[in-house]
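All remarks here apply to the structure that follows.
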Amino acid sequence: MSEKLATAVPSSGGSRGGSGENGRRLLLGAYFDFIRIRFLTMLAYRVNYYSGILIYTLNIGVNYFTWRAIYGDGESLGGFTGAQMTTYVAVSWMARAFYFNNLDREISTDIRDGSIAIQFIRPYNYVLVKMMQGLGEGLFRFMMLMIPGMVIATLLFPVQLPTEPSAWAGFLVMLFFSFLISSQINIITGLSAFFVENNEGMMRMKRVVVDLFSGLIVPITLFPDWLSSVLKVLPFQAITYLPGSVFTGRVQGVGIWNVLGIQVIWFLILLIPIVWLNHAARQRLFVQGG
Amino acid sequence: MYYLGLLIEYLKNYMKTRLTYRADFWVEVISDLLFQATNFIFILVIFMHTDSLGGWNQNEVVFVYGFFMVPFGVFSCFVNMWGFSERYIVKGEMDRILTRPAHNLFQIFLENVDPPSLFGSFIGLIVMAISGSNLGLPFEWWTLPMLILLTLSAVAIYTGIYTTLTSLSFYSDAPTGILPLMYNIQTYGRYPVTIYNRAIQVLLTWIIPFAFVGIYPAALFLHRDEMRTMALLTPLVGVVFLSIGLMAWSYGVKRYKGAGS
Amino acid sequence: MNAIQVQDLRKTFKVQKNREGLKGAFADLFKRQYSEVTAVKDISFSIPEGEICGYIGENGAGKSTTIKMLTGILVPTAGSLTVGGFVPYEEREKFVQNIGVVFGQRSQLWWDIGVIESFQLLRKVYRVSEQDFKKRLDELVERLELQDLLNRPVRKLSLGQRMRCELVAALLHNPSILFLDEPTIGLDIVVKSEIREFLKDMNREHGTTILLTTHDLQDIEALCSRVIMLDDGRIIYDGGLDDLKQRWGTGREVQFQFGTATKLQQLIGWTEGMPVTWTAENELAAKVWIPLELNVSDVLGRVVGQADITDIKIIETNTDDIVRSIYQSGSAEKPEERIAALSDEKEVIHV
């Protein structure tokens, strides 16, 4: 979309960076501007927006009925009751609205058309800017898609949302980490365009893998044992499955802290390849001349 | 004849381009298949926990899935509209299309042919053969002609729907995000639509008729008589939706010519 | 017969307005505001067959909108036009068979494959017979010296090489009218003049009508007998290049180099009674500005006999300066006319 526009306007003077306390504050302001500009950009596409609500609701509906058919007369599947499954489906699709973004595609486009060189010489951190833009997009979908969508879903389907505020607070925190981890994976996929000639295939695979292995399509406990034990050591479950389990009340008490812990750990682990890729990319860009 | 000649010429050029990036070709084939595999995994996982999905057993659902892959592969090969808005509207290549003496939509199809997608159709045929023989389906005299007819009809439905959606790009606030979301929805046409409630059934049958690219036509080969009428309606739906798509397109082009980008 | 005939051509766009700030963006979500902008304002002109005409104007003056209407990409809001005997937007596919288009900043060649492959494909698209194609291609290739480039992929060509290939691509089907949008943009001087020579030959040998837009006035001087100048959607000048110079050239400048020191006072004294202006750079160099109505030779006659001159240079006002001054005044006619026409951009709110 209008990425060029968004990055070309790091207004409020932040781009100079400056020095000392004042400069840092300006730079921080610039980062917040990236969130704001992306939010406004998203708002500009109203057909996208209206169809987004409809399609997300439809997705929840179809998944709900599919699962109802799968349950048939059965009581529980993989530890999920029918009601929990409904809530899980609704919550994970809505969470996806928040954490999903196309940073991978944006970054690899920047790399392929060469505009990343300009981005890299600007006095801000490119990866951080991308994160901020992703956040702006996420906030837009959270407020404009997820909340109205959730309301529609609760009206149409028997979704049971928790009532205690702590569950909500916990969920929001975890949702934020879902966003971080999902975006980190996107950034890694995007930056890989520096090193492989065409990462189109990688991006597609990533998309499929994240949807399937994060537990969006099938909750991880329903997978065969060998697969679910593999998935437990991969980062994807921290995006959908774990927060969804907490929100549906399947994980409670100390378990909640475990879930958060796992998210934090994955966040930290995924920082390593990003820092490394970012460094290697700079090296490649400036030492070898692209 | 003229257009057939062009198609061959464009395919030749595609091949020449691709020979320079051979690795990409295989990466694309593999990622396509992986994409299909995940859906396949979904079916397998479901049937680990249940014997029937709305009265359809595993082999039947897999068969439907196999059929679904066939027209989808053909469609993705010849009608590839990904990135239309970005490439033709934002970068202005539509202008070039309009200064050439061939139908504009056809030129765009030709410029984006994507033969690797045909591998999906191929795999789909294999899946149909395997699950069909598991089910002991007879191979009748009409099986092959019907398969071709229904595949073409389904391709027409896809083309109609995606052309309609793509022609929205001609409007100022182009819904660039709809296409990927549509990809999610079309997959719902592979499951027995009877499991959904009335509203979603109507939606998938008459409004965005993805049920006609999967479950309905496939039901014919499975001798599911309750969906026979629907299966036979597929060509008609194909014609109707393709016409809608072409009309929307020419309306969009007219608007483009009226307003620029 | 006229190759291009344009009568009262008008093009109005509806432009979406984005209201400012978050609140404005939310408001836009539900209700959009549009304003109407008229990019081309009732222009009329005709270009006879075989003419090379330059179409110039500042960015946003309406040049590319006109070109797009002439090539059938855009449908005019009002007015009539015929190009090569067709109404471009009506029988588009038949019409474009007869024209060639080069957009300087966009390629019509396939990026990854040899140039010749693109040509082959265009041959099929334009239904050129194998025989004609071969003849035409040989001719163009030889003329533009492309022999060694034919099998190279476009991405490996330099900009100049690419532009020459673009010209071939646009001319393979032997169009009678050629539209060039910024054909020399970004090219070096050698390639520029090669392309100009080529276009001139094309025009002479095949009688190809050429309409080109450019920012490079050297293109105009080298190629065009006629210029149409556009400003803010209106034609402000349509006529020969020489006329334009005569009408707008305000004078000439003569530079002198002297063998011995010559005082500015002396120079002024020698040309007493003439409305000229002297400036001295140092004792050995001076220049004089002579208004158009005065003969340069008269001035020279006064100076040559008296001073020890080693070198004389006469400098005509160049087209760049003329065009710049026209733009600044906004009209090649009288300044008053413009005021009446100033702003008919009206704001329309669509709900």
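The values are calculated or read from the model by the stated rules, or taken from the named source; none is laboratory data. Since this is a predicted model, take the numbers as computed values, not measurements. Backbone-built Cβ (ideal geometry, glycine too); neighbour counts: all protein chains shown. Only protein heavy atoms, including side chains, enter the accessible area calculation; ligands, DNA and RNA are left aside. Shrake-Rupley method; radii C 1.70, N 1.55, O 1.52, S 1.80 Å.
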When segment B:21-55 is checked residue by residue, the ones that are facing chain A (nearest Cβ under 7 Å), open to solvent by 50 Å² or more (accessible area, probe 1.4 Å) and not in a helix (DSSP H, G or I) are B:TYR21
- Query: within 12 Å of chain B (Cβ to nearest Cβ), closer than 30 Å to C:TYR327 by Cβ, surrounded by 21 or more Cβ atoms within 10 Å (Cβ to Cβ) and modelled with pLDDT under 90, is that true of C:ILE73?
  - Reply: yes
A:VAL62 meets each of (1) in a helix (DSSP H, G or I); (2) surrounded by fewer than 21 Cβ atoms within 10 Å (Cβ to Cβ) with one exception, condition (2)
If you go through B:GLN107, B:GLN58, the only one that is within 14 Å of chain C (Cβ to nearest Cβ) and of a type outside the set (Asp, Glu) is B:GLN107
Within segment A:128-143, of all residues that are open to solvent by 20 Å² or more (accessible area, probe 1.4 Å) and in contact (Cβ under 8 Å) with a residue 40 or more places away in the chain, the one nearest to A:THR189 (Cα to Cα) is A:MET131
Flagged in segment C:111-148 as assigned to a loop (DSSP other than H, G, I, E, B) and open to solvent by 50 Å² or more (accessible area, probe 1.4 Å), in numbering order, are C:TRP111, C:ARG127, C:SER129, C:GLU145
Note on A:MET202: of the conditions (1) within 13 Å of another protein chain (Cβ to nearest Cβ); (2) among the aliphatic types (A, V, I, L, M); (3) surrounded by 22 or more Cβ atoms within 10 Å (Cβ to Cβ), unmet is (3)
Note to self: Can you say whether A:THR87 is open to solvent by less than 20 Å² (accessible area, probe 1.4 Å), modelled with pLDDT of 80 or more, over 23 Å from A:ASN186 (Cα atoms) and away from every other protein chain (no Cβ under 14 Å), as far as the supplied structure shows?
What the structure shows: yes
Condition set assigned to a helix (DSSP H, G or I) and in contact (Cβ under 8 Å) with a residue 12 or more places away in the chain, scope segment A:111-126, selection farthest from A:SER183 (Cα to Cα): answer is A:ALA117
* Asked: Quick one: would you say A:ALA153 is within 14 Å of another protein chain (Cβ to nearest Cβ), more than 22 Å from A:ILE188 (Cβ to Cβ) and open to solvent by less than 10 Å² (accessible area, probe 1.4 Å)?
  -> yes
Residue set B:ARG224, B:ARG255; condition under 30 Å from C:LYS63 (Cβ atoms) and surrounded by fewer than 20 Cβ atoms within 10 Å (Cβ to Cβ); output residue B:ARG255
- Message: Just to be sure before I move on: is C:GLU93 at the interface with another protein chain (Cβ under 8 Å from one of its Cβ atoms) and either open to solvent by 50 Å² or more (accessible area, probe 1.4 Å) or in a loop (DSSP other than H, G, I, E, B) (or both) in the structure I sent?
- Response: yes
Reported set for segment C:150-182 where residues are among the aliphatic types (A, V, I, L, M), assigned to a helix (DSSP H, G or I) and open to solvent by 10 Å² or more (accessible area, probe 1.4 Å) is C:LEU159
Within segment B:96-153, restricting to residues that are charged (D, E, K, R) and closer than 29 Å to B:GLU28 by Cβ, the one that is least open to solvent (accessible area, probe 1.4 Å) is B:ARG100
If we keep only residues of segment B:183-219 that are without any contact (Cβ under 8 Å) to a residue 60 or more places away in the chain, farther than 22 Å from A:GLY72 by Cα and not in a helix (DSSP H, G or I), then the residue nearest to the other protein chains (Cβ to nearest Cβ) is B:ILE208
Cβ pairs under 6 Å, 6+ apart or interchain, first in segment A:163-190 and surrounded by 19 or more Cβ atoms within 10 Å (Cβ to Cβ), second in a loop (DSSP other than H, G, I, E, B), ordered by first then second residue, are A:SER178/A:ILE239; A:ILE181/A:ILE239; A:SER182/A:ILE239
Next on the checklist: Quick check on A:LEU212: is it in contact with a Gly (Cβ under 7 Å, 6 or more places away or on another chain) and surrounded by 19 or more Cβ atoms within 10 Å (Cβ to Cβ)?
Outcome noted: no
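One line per residue, one yes/no per condition, for (1) facing chain B (nearest Cβ under 9 Å); (2) closer than 18 Å to B:TYR14 by Cβ:
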{"position": "C:ILE113", "(1), (2)": "yes, yes"}
{"position": "C:PHE119", "(1), (2)": "no, yes"}
{"position": "C:LYS134", "(1), (2)": "no, no"}
{"position": "C:VAL141", "(1), (2)": "no, no"}
{"position": "C:LEU146", "(1), (2)": "no, no"}
{"position": "C:LEU150", "(1), (2)": "no, no"}
{"position": "C:LEU159", "(1), (2)": "no, no"}
{"position": "C:ALA169", "(1), (2)": "no, no"}
{"position": "C:LEU178", "(1), (2)": "no, no"}
When restricted to C:ILE189, C:ILE185, the only residue modelled with pLDDT under 90, out of contact with any helix residue (DSSP H, G or I) (no Cβ under 8 Å at 6 or more places or on another chain), open to solvent by 30 Å² or more (accessible area, probe 1.4 Å) and closer than 23 Å to C:SER64 by Cα is C:ILE185
